[in-house]
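Where a number appears in this text, it was derived from the coordinates with a stated rule and is not lab data. Model, not experiment: these values are computed from the prediction. As a convention, Cβ positions derive from the backbone with ideal geometry for all residues, glycine included, and neighbour counts pool all protein chains shown.
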Amino acid sequence: MADLLTISEVSRRSGVAASALRFYEDRGLIRSERAGSGHRRYPRAILRRIAFIVFAQRVGLALDEIAEELNKLPHDHAPEGNDWAELSSRWTARIDEQIAQLERLRGGLMRCIGCGCLSLDHCRFANPGDRAAVLGPGPRYWIGKP
């Protein structure tokens with residue numbers, strides 16, 4: 001059992017709250033073993049899976065998407081570099097779109113933000129009659145086409 005970590009050790013090492021670890025386990029994203037006392041014990045390789053979950057969330061993947069990606073990885077040992085590279089290579093387009101959204105946001109902070117802008121007076125010029133509404137919900141001018 002020396003290679004098994006308690007939930008508090010995993011929490012401390014991963015920076016993820018114990019409640020989130022239990023939630024991830026309930027969602028099937030990670031697995032634990034139970035000690036004789038019923039306490040959770042995690043293999044050390046779980047730290048990489050948790051890091052993957054945290055990073056994938058920052059990229060913008062939903063938990064269902066993350067579960068789908070994790071199901072492609074081995075559960076019995078730590079995935080290797082090529083496993084991670086294959087999974088993360090599919091994120092390039094998503095990251096590029098997020099960068100584009102942030103650039104539009106930066107460029108438009110003092111101007112219109114989608115269905116309106118920071119200035120109601122200016123909005124009458126940038127979006128008269130709420131013409132941006134036909135593009136879809138939300139701040140259309142900086143999130144791009146639907």
TODO: Please give the residues of the range 12-32, grouped as numeric ranges, whose backbone N is less than 16 Å from a label point set 7 Å along the Cα-to-Cβ vector of ASP3.
DONE: 31-32
TODO: At q = 0.20 Å⁻¹, what is the base-10 log of I(q)/I(0) for the range 4-90 according to the Debye formula with one equal point scatterer per Cα and no solvent? Please give it to two decimals.
DONE: -0.93
